[in-house]
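S.K.: Here it is, the structure in full.
We did not get these values from a lab; they are worked out from the coordinates using the rules stated. From a predicted model like this one, the values you see are computed outputs, not experimental measurements. Here Cβ is always computed from backbone atoms with ideal geometry, including for glycine, and neighbour counts include all displayed protein chains.
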Amino acid sequence: MALISSLIRQPCSSHRRIGHGYVIKPGERIEACLEDADGFLKTNTLHIKNLVSAFGGKSAKELELLTTIIYLNKETKHDAEKMTYDQAIGKIRELKPKFTENEIRSGMTELKTKHRLQLVFT
């Protein structure tokens, strides 16, 4: 938690907008930030590599869909009446209408099979 507080108080990077994107560069405090992060990175290197391997090739849109499915799954986990897959798809389409039913189904299948997420939808 101290690492996160430190990073929030004193940014380790600077950025500027160029066209429709940003250029992000190391800031003045980059060395101190790297020192602060060293323990965390050493402890979590394998987890970070696994995340990058699993999701690093995904587009922002694909990540948005997967995280929306995960969010809905987490938020409805303790509901007395479980949401069906069709209801979950309808809710995701309501929240994020840019995703098609097929894209949502595909995302759910990927999370269940490839990433072993236990979905609570019936």
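S.K.: Taking the residues in segment 12-41 that are more than 23 Å from the chain's Cα centre (by Cα) and assigned to a loop (DSSP other than H, G, I, E, B) as candidates, determine which candidate is surrounded by the fewest Cβ atoms within 10 Å (Cβ to Cβ).
M.R.: Taking the candidates together, the pick is GLY19.
Table: residues versus (1) out of contact with any His (no Cβ under 9 Å at 6 or more places or on another chain); (2) among the basic types (Lys, Arg); (3) within 24 Å of ARG105 (Cβ to Cβ).
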| site | (1), (2), (3) |
| --- | --- |
| ASP38 | yes, no, no |
| HIS47 | yes, no, no |
| THR68 | yes, no, yes |
| TYR71 | yes, no, yes |
| LYS91 | yes, yes, yes |
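S.K.: Further question on the same structure: For segment 66-95, how many residues meet the condition of being surrounded by fewer than 17 Cβ atoms within 10 Å (Cβ to Cβ) and within 26 Å of SER53 (Cα to Cα)?
M.R.: 4
S.K.: Can you find even one residue in segment 44-65 that is surrounded by 15 or more Cβ atoms within 10 Å (Cβ to Cβ) and small (Gly, Ala, Ser)?
M.R.: No; the residues of segment 44-65 include none that is surrounded by 15 or more Cβ atoms within 10 Å (Cβ to Cβ) and small (Gly, Ala, Ser).
S.K.: Out of (1) under 13 Å from PHE121 (Cβ atoms); (2) without any contact (Cβ under 8 Å) to a residue 40 or more places away in the chain; (3) in a loop (DSSP other than H, G, I, E, B), the odd one out for ALA80 is which?
M.R.: Exception for ALA80: condition (1).
S.K.: Condition first: of a type in the set (A, V, I, L, M) and not in a helix (DSSP H, G or I). Can you find one or more residues in segment 64-73 that meet it? Steps first, answer last, please.
M.R.: Within segment 64-73, the first condition is being of a type in the set (A, V, I, L, M), and the residues that meet it are 65-66, 69-70, 72.
Filter once more, so that each one left must be not in a helix (DSSP H, G or I): none.
No, that holds for no residue.
S.K.: I would also like to ask the following. Is there any pair with a first residue in segment 98-121 that is assigned to a loop (DSSP other than H, G, I, E, B) and a second that is among the small types (Gly, Ala, Ser) and buried (at least 18 other Cβ atoms within 10 Å of the Cβ) whose Cβ atoms are under 6 Å apart and which are 6 or more apart or on different chains, and what are they?
M.R.: Between residues of segment 98-121 that are assigned to a loop (DSSP other than H, G, I, E, B) and residues that are among the small types (Gly, Ala, Ser) and buried (at least 18 other Cβ atoms within 10 Å of the Cβ), the close pairs are PHE121/ALA88.
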